[in-house]
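Chemist: Right, I'll just put the structure down here and ask away after.
The values are calculated or read from the model by the stated rules, or taken from the named source; none is laboratory data. All values derive from a computational prediction rather than experimental measurement. Note: ideal-geometry Cβ built from the backbone for every residue, glycine included; neighbour counts use all protein chains shown.
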Amino acid sequence: MHSIRSPLTLMRRLMWIYLALFVLSESVTVWFGAPWLEAWLCLPNHSGSLLEIWRLVTYSFLHASILHIGVNLWLFYSLARFLLANTLSIKRFLVVYGLGIVLGGVVWWIVHVGRGYHILQGISAGCLALLTYACLAYPQKTLSMLLFFICPIQLQARWILIGILAFEVFNGLVYELHDLTSIAHSAHLGGILAGWLMFNFGRFQPKTIRYSVHPSTIYSVDRNQDHSNK
């Protein structure tokens, strides 16, 4: 039996860290008139930025706006509840998430290096890695989502992943490459690639998992059917 209480507590604490750093970053910018935390932690697109290797992780701790961090934390917590209960241990969850952050930063840097001045921030790439993993693990599972954050719809996970992939590729080629958007679609694609790599080569896809959300409730998940249809 695998309890998700403790892992979810850790995820909540991580979310509080994200929120605290967002507030601190905004406060420093207002008080001192300069985005100091962005200068130290974000990933810029100049040619030497990857030599400051910590930026491939620390960029994820800052966000550009309340909407940016709100959407990201909602997606992060939703995926944490699902994956920690059904598929991944806390260590493996963090591996998928962390690889999404790092690979998202690398792909974004390759796309933007030497093209004006841009910075990358936010956990979107890590969230897309987790979402990709979840959709590949349960391709036939029906998931609920808000289309444009307004209209509730239900789709199979495989179609959600295909739709997101098409959306990110289209917007990356049409808008991001021409500097017509501030959204880092290339980083999202790096996260999707990370999720795909971890699912296919990570060698930790358990077939049956027993877990409890509450001490008196036990569930069993059989993944054999999902794998036969992926």
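Chemist: Do we find a residue being surrounded by 11 or more Cβ atoms within 10 Å (Cβ to Cβ), in contact with a helix residue (DSSP H, G or I) (Cβ under 8 Å, 6 or more places away or on another chain) and at pLDDT 65 or above anywhere in segment 221-228?
Modeler: Pass one, segment 221-228, residues surrounded by 11 or more Cβ atoms within 10 Å (Cβ to Cβ): 221, 223, 226-227.
Keeping just the survivors that are in contact with a helix residue (DSSP H, G or I) (Cβ under 8 Å, 6 or more places away or on another chain) gives 221, 223, 226.
Retained after the next criterion (residues that are at pLDDT 65 or above): none.
Among the residues of segment 221-228, not one is surrounded by 11 or more Cβ atoms within 10 Å (Cβ to Cβ), in contact with a helix residue (DSSP H, G or I) (Cβ under 8 Å, 6 or more places away or on another chain) and at pLDDT 65 or above, which makes the answer no.
Chemist: I've got another one for you. Filter the helices (runs of 4 or more DSSP H) completely within segment 1-108 down to those with at least 2 residues that are polar (S, T, N, Q) and either modelled with pLDDT under 95 or under 21 Å from Gly190 (Cα atoms) (or both).
Modeler: Details: elements: 5-32, 36-41, 55-58, 66-86.
In segment 1-108, 5-32, 66-86 are the helices (runs of 4 or more DSSP H) which contain 2 or more residues that are polar (S, T, N, Q) and either modelled with pLDDT under 95 or under 21 Å from Gly190 (Cα atoms) (or both).
Chemist: Among the candidates Leu79, Leu10, which residue alone is on the phi < 0 side of the Ramachandran plot, of a type outside the set (D, E, K, R) and within 14 Å of the chain's Cα centre (by Cα)?
Modeler: Within the list Leu79, Leu10, the selection yields Leu79.
Chemist: Can I ask one more? Could you list, in sequence order, the residues of segment 109-126 that are assigned to a helix (DSSP H, G or I) and touching a strand residue (DSSP E or B) at 6+ places or on another chain (Cβ under 9 Å)?
Modeler: Within segment 109-126, Trp109, His112 meet the criteria.
Chemist: Would you say Tyr117 is hydroxyl-bearing (Ser, Thr, Tyr) and buried (at least 16 other Cβ atoms within 10 Å of the Cβ)?
Modeler: Details: hydroxyl-bearing (Ser, Thr, Tyr): yes; buried (at least 16 other Cβ atoms within 10 Å of the Cβ): no.
No, not satisfied.
Chemist: Let me ask another. Can you work out which of the residues in segment 190-212 that are exposed (fewer than 15 other Cβ atoms within 10 Å of the Cβ) and in a helix (DSSP H, G or I) is modelled with the highest pLDDT? Working first, answer last.
Modeler: Filtering segment 190-212 for residues exposed (fewer than 15 other Cβ atoms within 10 Å of the Cβ) gives 200-201, 203-204, 206-208, 210.
So of that shortlist, the ones also in a helix (DSSP H, G or I) come out as 200-201.
Numbers: Asn200: 92, Phe201: 89.
Checked segment 190-212; the qualifying residue modelled with the highest pLDDT is Asn200.
Chemist: For segment 56-65, give me each residue that is over 12 Å from Ser25 (Cβ atoms) and either surrounded by fewer than 19 Cβ atoms within 10 Å (Cβ to Cβ) or in contact with a Phe, Trp or Tyr (Cβ under 6 Å, 6 or more places away or on another chain) (or both).
Modeler: Val57
Chemist: Considering only residues that are crowded, with 18+ Cβ neighbours inside 10 Å and acidic (Asp, Glu), which ones fall in segment 164-189?
Modeler: Glu168, Glu176, listed by residue number.
Chemist: Within segment 103-114, which residues are more than 16 Å from Gly202 (Cα to Cα) and either in contact with a helix residue (DSSP H, G or I) (Cβ under 7 Å, 6 or more places away or on another chain) or buried (at least 21 other Cβ atoms within 10 Å of the Cβ) (or both)?
Modeler: Within segment 103-114, the subset more than 16 Å from Gly202 (Cα to Cα) is 104-114.
Selection gives Gly104, Gly105, Val106, Val107, Trp108, Trp109, Val111, His112.
Chemist: Follow-up. Six or more apart or on different chains, Cβ atoms under 6 Å: show the pairs whose first residue is in segment 45-60 and without any contact (Cβ under 8 Å) to a residue 24 or more places away in the chain and whose second is in a helix (DSSP H, G or I) and surrounded by 14 or more Cβ atoms within 10 Å (Cβ to Cβ).
Modeler: Close Cβ pairs satisfying both conditions: Thr58/Leu41.
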